[in-house]
1. Please give the peptides 177-183, 280-286 ranked by average Cβ packing (other Cβ atoms within 10 Å per residue), highest first, as a rough proxy for protection.
2. So which of K131/K341; K177/K341; K275/K341; K126/K174; K172/K341; K174/K341 end up more than 29 Å apart, counting from Cα to Cα?
3. Between beta-carbons, use under 13 Å as the cut-off and find the net charge around G361, counting Lys and Arg +1, Asp and Glu -1.
4. Within the set of other residues whose C-beta is less than 10 Å from the C-beta of T133, count the net charge using Lys and Arg as +1 and Asp and Glu as -1.
5. Taking other Cβ within 10 Å of each residue's Cβ, how do S55, S2 sort, fewest first?
6. Sort L209, L326, L68 so the one with the fewest other Cβ atoms within 10 Å of its own Cβ comes first.
7. Students often check this: by mean Cβ neighbours within 10 Å, which of 9-17, 271-279, 139-147 ranks highest, and how do the rest follow?
8. For K22, which lysines qualify as cross-link partners when the Cα separation must be under 25 Å and same-chain residues fewer than eight apart are set aside?
Amino acid sequence: MSVTREDILKALSRVVDPASGKDLVTADYVRAPVFQDGAVRFILEVPPEQAAKMSDVAKAAEAAVSALPGVESAAAIVTAHGPAPQAPKGAPEGEAPSLKIGRHPQPQASKKIDGIHRIIAIASGKGGVGKSTLSANLAVALARQGKRVGLLDADIHGPSQPRMMGATERPKSKDGKTILPLTAHGVTFMSIGLMLPAEEAVIWRGPMLMGALQQMLTQVEWGELDALIVDLPPGTGDVQLSLCQKAEVSGAIVVSTPQDVALLDARKALAMFHKLETPMLGLIENMSGFVCPKCGHESDLFGQGGVAQEADAIGLPFLGRIPLHLDIRTTSDEGTPIVAKAPGSPEAAPFEDLARRLIEGGVI
Ligand code: ADP
């Protein structure tokens, strides 16, 4: 049985914190509720003076969530806000500031980010389906078709864009506050993976991720962009939520392989983006039909067309089919996406067509 974020919040809205007289949701204490394998985890983020007095409230919160059908255990972690934010001190000359672990998202007046005209999010139900491959190639294809394009790798648990775009140096800064992005294949590029050691990234959760994402959106000197392509982590988690809440996302594209379409749960992604008032632009099928690199013969290794059927079933546009081809992988591994390495080739064509459709459709 699946327990949703809404179920958890509903249960927590029945628990009152005596210090504030408000329930935990109204008091805005609840962060990053997750349900996995029968267990619910969430963070209660409270004012520092209250942290020591929260143990009874945390127990009551755990009991309320444990009572939900399908929940076998619940664990609350109490954290306190840090002290009021200080003016940034700045990193040493020429170095980009570090992303701070535990830095929470700061209030932001508008969802519009200066200079960025459109944001396109690339999402998937699970990892390994080609979300990063699509993001990189779409960004390069748009740039080659004359657009000013940025690519933000927000896949914190598996940032692969530095490898795919062939840009791995740590970004610099002019003033120790803002971050200068890299440029690769005509695309302005930034990856969360360039800013922190890999072993730290994997332990980031909820509010930390949201703070880091906000920094990436607002502290990076993106300049004037027609479109920023955001390579999201797989699934429907905090980064997705945060991106759509903090920034005006013009649309989301969901990628799946034919054999993963059953697991994709496109309806879940659709429901999430709908709730966040982000339009879903459509579904893409990747690794659709295997093209033999020697003879060019195409065989349906994993089946074909399942994603188009799913798009049809839920009333979304089907945006195209990308074949499974060795060159798509090797070019990515070498740091030059196929669209840059072999423009106009049959393997580059689906990405180039998608870019053209987005431009002609007025999305970008
Ligand atoms: P995700 O971002 O969804 O985790 P990736 O884009 O990193 O997935 O792709 C996973 C692996 O599959 C990578 O090694 C990538 O080069 C390879 N790959 C992705 N799409 C294709 C394709 N159409 N043909 C061949 N290999 C592909």
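Any read-out appearing in this document is the output of simple, stated calculations on the displayed coordinates, not a laboratory observation. None of the values given here were measured: they were computed from a predicted structure. Here Cβ is always computed from backbone atoms with ideal geometry, including for glycine, and neighbour counts include all displayed protein chains.
1. Packing proxy ranking, top to bottom: 280-286, 177-183.
2. Result: K177/K341; K275/K341; K126/K174; K174/K341 exceed 29 Å.
3. +1
4. So the surrounding residues net to +1.
5. S2, S55
6. Exposure proxy ranking, most exposed first: L326, L68, L209.
7. Packing order, densest peptide first, comes out as 139-147, 9-17, 271-279.
8. Excluding near neighbours in sequence, the set is K10, K53, K59.
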